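Engineer: Got a structure for you, questions after.
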Amino acid sequence: MSTDLLEVVDLSASYGAVRALDSVSFTVPERGFRAVLGANGAGKTTLLRTLTGLHRADAGRVLLGGEDITRLPAERVITRGLAHVPEGGGVITELTVEENLRLGALWRSPRRDRATEAEVLDLFPPLVQRLGRSAGTLSGGERQMLAIGRALMARPRVLLLDEPSLGLAPLVTKQIFALLRDLRERTGLTVVLVEQNAAGALAATDSGVVLNQGRVAVEGPSADLLSDDRTRHAYLGF
Ligand code: ATP
């Protein structure tokens, strides 16, 4: 029996005549930590939006735990267990840290929410002191933590992140990647990390998929991609 939690099979998606994803296939095992890399315009954001039901697939399938979720609307995809941290985090700066967190669990019962909130805060100690403050007062790294915490409030099986390193200092980026690894160890979460920071993402993840013009150009264990000069020069820019 397959232990792949997320299976993407021949997925294609377009914007009018522009084909952004062209028959993309890859899998992510339960508790896997997979990077999705590629240059500007390679299709990374479109991939995440198509996985989460925000963009309609032209063809292909997305399976979560063997269940076909390809055509489900975004809110049902979340309840099935796929949560998305969008580019920039999507934190609402006018709301408090706690209000932002609770947005992640809108449809869940309030009693269970409180237990979940305590568990999430246990993972992000810096947020505990700041629960009543507006999210606009947080540093870039803390905002990214809040965005991840809010996604975890939905109790996902798979967490998808769109360029969490964007706008963060290198040291903070490293901390966020380490936090994601720790999260996987502590909670058994499966993580898909979309990044332009290929070197940092490959150092943190188990395996990677490189997109080029909407297609899978190369994939494999992160250590192999890191040490393969041809892949680094051709697609990863370092
Ligand atoms: P970036 O790192 O710049 O966000 P990306 O790898 O996430 O790039 P996408 O944003 O998924 O790439 O874009 C894939 C392709 O789809 C590109 O050719 C892009 O120009 C095109 N595209 C993306 N969004 C739209 C849109 N709303 N309308 C038309 N074309 C789009």
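The values are calculated or read from the model by the stated rules, or taken from the named source; none is laboratory data. Small disclaimer: the values here were computed from a predicted structure and weren't measured. Positions of Cβ are generated from backbone atoms using ideal geometry, with glycine treated the same way; all protein chains shown enter the neighbour counts.
Engineer: Just to be sure, is GLY208 modelled with pLDDT of 95 or more, within 16 Å of the ligand (Cβ to nearest atom), in contact with a helix residue (DSSP H, G or I) (Cβ under 6 Å, 6 or more places away or on another chain) and of a type outside the set (A, V, I, L, M)?
Structural biologist: Spelling it out, GLY208 is indeed modelled with pLDDT of 95 or more, within 16 Å of the ligand (Cβ to nearest atom), in contact with a helix residue (DSSP H, G or I) (Cβ under 6 Å, 6 or more places away or on another chain) and of a type outside the set (A, V, I, L, M).
Engineer: Only one residue in GLU67, GLU7 is in contact with a Gly (Cβ under 9 Å, 6 or more places away or on another chain), on the phi < 0 side of the Ramachandran plot and not aromatic (Phe, Trp, Tyr). Which one?
Structural biologist: Testing whether each residue is in contact with a Gly (Cβ under 9 Å, 6 or more places away or on another chain), on the phi < 0 side of the Ramachandran plot and not aromatic (Phe, Trp, Tyr) leaves just GLU7.
Engineer: Which is under 17 Å from the mean Cα position of the chain (by Cα), within 16 Å of GLY141 (Cα to Cα), crowded, with 18+ Cβ neighbours inside 10 Å and not aliphatic (A, V, I, L, M), of ASP206, ASP162?
Structural biologist: Result: ASP162 is the single residue among ASP206, ASP162 that is under 17 Å from the mean Cα position of the chain (by Cα), within 16 Å of GLY141 (Cα to Cα), crowded, with 18+ Cβ neighbours inside 10 Å and not aliphatic (A, V, I, L, M).
Engineer: Going by what's in this entry, would LEU82 be described as buried (at least 22 other Cβ atoms within 10 Å of the Cβ) and in contact with a helix residue (DSSP H, G or I) (Cβ under 9 Å, 6 or more places away or on another chain)?
Structural biologist: Considered against the rule, which asks whether it is buried (at least 22 other Cβ atoms within 10 Å of the Cβ) and in contact with a helix residue (DSSP H, G or I) (Cβ under 9 Å, 6 or more places away or on another chain), LEU82 comes out as yes.
Engineer: Report yes if some residue within the range 113-128 is at pLDDT below 95 and on the phi > 0 side of the Ramachandran plot; otherwise report no.
Structural biologist: Checking the range 113-128: not a single residue is at pLDDT below 95 and on the phi > 0 side of the Ramachandran plot.
Engineer: Something else: Among the residues of the range 110-129, which ones are hydrophobic (A, V, I, L, M, F, W, C), part of a helix (DSSP H, G or I) and closer than 17 Å to ARG184 by Cα?
Structural biologist: The answer is VAL120, LEU121, LEU123.
Engineer: If you check GLY188, GLY104, which single one turns out to be crowded, with 21+ Cβ neighbours inside 10 Å and out of contact with any strand residue (DSSP E or B) (no Cβ under 6 Å at 6 or more places or on another chain)?
Structural biologist: GLY104
Engineer: Right, something else. If you take just the helices (runs of 4 or more DSSP H) that sit entirely in the range 1-103, which of them hold at least 1 residues that are within 19 Å of VAL194 (Cβ to Cβ) and more than 15 Å from the ligand (Cβ to nearest atom)?
Structural biologist: Correct list: 74-80.
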